[in-house]
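One structure is given here, and the rest of the page talks about it.
Rule-based calculations on the coordinates, nothing more; no lab input. What you see is a predicted model; the values in this text were computed from it and never measured. Neighbour counts are summed over all protein chains in view; Cβ atoms, including those assigned to glycine, are modelled from backbone coordinates with ideal geometry.
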Amino acid sequence: MITVEEARAQIASALTPLSSETVSAARAFGRTLAEDIVADRNQPPSAVSAMDGYAVRSQDLKGGTFSLKGESRAGTGLDTPIEPTQAVRVSTGARIPEGADQVVIQENVEINADTLRTGDPANPGRHVRPAGSDYEAGQHLLGAGTILSPAKVSLAAAAGVGDIPVMRRPKVAILATGDELVHAGETPDGDQIFNSGTPGLSALVFSIGGQPLSLGIARDDPEDVREALASAEGADLLVTIGGASVGDHDHLRRVFTEEGGQLVFEKVRVKPGKPAWFGKLGDLPVLGLPGNPVSAMVTARLFLVPALRTLLAQPTALALGFETAVLSAPLAQNGDRETYLRGIRDTATGPVRAMDKQDSSHLAALSEANVLIRRLPDAPAADAGTTVEVLPL
């Protein structure tokens, strides 16, 4: 068995980042930026007004009286310089006329015919947004590998990038195995159960920016498994659920080998999820997850998420995002495998406790958990108040 860190590293080393494509800014949310975005001009391109009012020379405010001279509108600035004791009407976002260095808001003036009076004191720069105050030409705005939030999409658009270069969405084929499974919505027969793994993993893949492709359920028959593996052609990654044990009805690994598959690793020193494995079927990377639903979802968080982020060329692909929290209840000594306990953290930064149900088949408990509590191999018992590592869910 190898460690969790070794497994992640070996998966990442076997994967190659995907190609890029361009999408409109309106469709870029959640995508991974493929190239750096650098500003090619100042923003704002010239000094502009931050308020509706009048642009003046601050040194003239000691007199308090101005003659009105035209208007500068947003998008249509006044091109002639301002002269002493002149005031130019400006709207928010309008270019400040050359020579002006202060804006007097419209609430603080009195207008009589073509004369403006104000009691505002001199305050150079008041209500003026300098050229380049947001960003300057040549400034690095967004780096390749950035996940585009709404604000980052807006920034790219503000920089004039209409079609944004992003990484192609990874196509992730998901194959569940086992005669005991039926699809949700069907009627189970006898001891059959619903296939919860494929929908759960599909949601996880989608949340990371991938494109899930369900291959259905392969029955406990070598030929059915063989056909299912062949149907993954064209995917960037195949994820299998179950069928990796050594029982008489577990054919997945044997068929994988018969079809020329090469194992990279076959067990991980982790709980839950020891049977997790990884290999390549020709050029197709294959990640095998355990059949128990909790084990599948936990190992997907540990291995599938970094794999997707590697395909997307995200610079922190292998960083799982551990945080620290203080235990509100004690934990027993851990065994010889790295263990991930379903836990509940009371607030975003509050104390955490392990849930009572930790069986790898108890999916309801996982749905209530908001963190996984990490316990290293042979970790000693931990009292309440001990700081532990947690992985947000």
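Evaluate E = 1/(1 + (r/R0)^6) for SER328 and SER361, where r is the Cβ-Cβ distance and R0 equals 35 Å; express this FRET efficiency to the nearest 0.05.
It comes out at approximately 0.85.
What is the sum of charges around VAL352, taking Lys and Arg as +1, Asp and Glu as -1, for the other residues whose C-beta is under 15 Å from the C-beta of VAL352?
After counting each charged neighbour, the total is -1.
Between region 250-312 and region 354-393, how far is it from one alpha carbon centroid to the other, in angstrom?
Spelled out, the Cα-based centre of one part sits 23 Å from the other.
Provide the packing ranking of 142-149, 58-65, i.e. peptides ordered by the mean count of other C-beta atoms within 10 Å per residue, highest first.
Sorting 142-149, 58-65 by mean packing, highest first, produces 142-149, 58-65.
Using a Gaussian network for the chain with springs between C-alpha atoms less than 10 Å apart, which of these wobbles most: ASP114, ASP189, ASP283?
For the chain, modelled as a Gaussian network with Cα springs under 10 Å, the answer is ASP114.
Regarding region 294-367, what are the three Cα extents along the principal axes, ordered largest first, in Å?
Computed over the Cα atoms, the extents are 39, 29, 26 Å.
For a quick size check, give me the Cα extents of region 53-186 along its three principal axes, largest first, whole Å.
So the extents along the principal axes, rounded to whole Å, are 90, 36, 24.
Using modelled amide H (1.01 Å from N, peptide plane; none on Pro or chain starts), what sits under 5 Å from the amide H of GLN102, excluding residues fewer than 5 places away?
Those qualifying (amide H under 5 Å, at least 5 residues apart or on another chain) are VAL56, SER58, GLY125.
Given the peptides 382-393, 204-215, arrange them by the average over their residues of other C-beta atoms within 10 Å, most packed first.
Most protected by this proxy first, the peptides run 204-215, 382-393.
When the chain is fully extended, how far beyond the present Cα-Cα distance does ASP336 get from THR115, taking 0.36 nm per residue of separation?
Extra length available between ASP336 and THR115 comes to 71.1 nm.
In 10 Å bins starting at zero, report the fraction of Cα pairs in region 48-129 per bin as a rounded %.
23, 61, 16, 0
If the cut-off is a Cα-Cα distance under 23 Å, which lysines reach LYS280, setting aside same-chain residues fewer than 8 apart in sequence?
In chain and number order, the partners are LYS171, LYS267.
Using the 2.2 N^0.38 Å rule of thumb for compact globular proteins, work out how the chain stacks up: its C-alpha Rg over that value, please.
Rounded to two decimals, the normalised Rg is 1.43.
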